[in-house]
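Encoded as structure tokens, the structure appears first; notes follow it.
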Amino acid sequence: MRRVAIVHFAATWLMVGLIWTIHTVHYPLFAKVGEAAYVEFQANHVERIGRLLRLPWLLEGLTLLGLMWFAFLGNERRLRIPVAIGAAAMAVVLVISGFWSAPAHGELANGFDAAVHHRLMAANLVRTLAWTVRGITAVWIVALLWPSWPVSPGDTSS
């Protein structure tokens, strides 16, 4: 379970950093690209960002499932609240990604549209905040588990 919690923490915080970078740097630049280069820029963004986030997002989701198993089917009742909050935040992320972000990128694939871009930014702000909640719950989970971790690899006294 410790390894699951550490991988979850690392993957989640990588995604938190990525989403804040996308929201504060990359998405605002969509409006500055210019019409001539925009379609190619959008296609490159979708392809490259997809490659970058595929593995950490997958690891984040799989480790969340593992933590849910430990918390709700195993003996780690103390993890139930942060895991449940993290799972709810992940549900928000997935719904926004599937119903707002991906369709907006599909519409922007044909060229920049200020209204679609505004809709993407608004939805992504909620997604960014939800991922930040996920980061907080990842810290919370590690903090709950930390006191029971051995001091050294061979120490099993705690």
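Taking the Cα atoms of the chain, the ratio Rg/Rh between the radius of gyration and the Kirkwood radius comes to 1.09. Across P147, P28, P82, mean-square fluctuation computed from a Gaussian network of the chain (C-alpha pairs under 10 Å connected) peaks at P147. In the chain, the DSSP-assigned H stretches of four residues or longer account for a calculated mean residue ellipticity at 222 nm of -24500 deg cm²/dmol, using -39500 (n - 2.57) per stretch and the full residue count as denominator. Judged by the mean number of other Cβ atoms found within 10 Å, the most tightly packed of the peptides 45-54, 15-24, 70-79 leads the ranking 15-24, 70-79, 45-54. Between the Cα long axis of helix 35-68 and the first principal axis of the chain there is an angle of about 20°, rounded to the nearest 10. With the cut-off at 1.5 for a/c, could you classify the range 37-118 from its C-alpha gyration tensor as rounded, prolate or oblate? Prolate, because a/c is 1.5 or more and a/b exceeds b/c.
With respect to the chain, whose longest principal axis is taken over its alpha-carbon atoms, helix 2-21 is tilted by about 20°. For chymotrypsin sites (Phe, Trp or Tyr not before Pro), no site in the range 73-149 is both called loop by DSSP and has at most 14 other Cβ atoms within 10 Å.
Pairing the Cα long axis of helix 114-145 with the longest principal axis of the chain, what angle in degrees results, from 0 to 90 and rounded to the nearest 10? For helix 114-145, the angle is close to 10 degrees.
No lab work stands behind these numbers, since they all come straight from the coordinates. The structure presented is a predicted model; accordingly, all values stated were derived computationally and were not measured. Ideal geometry is used to build each Cβ from the backbone, glycine not excepted, and the neighbour counts take in all protein chains shown.
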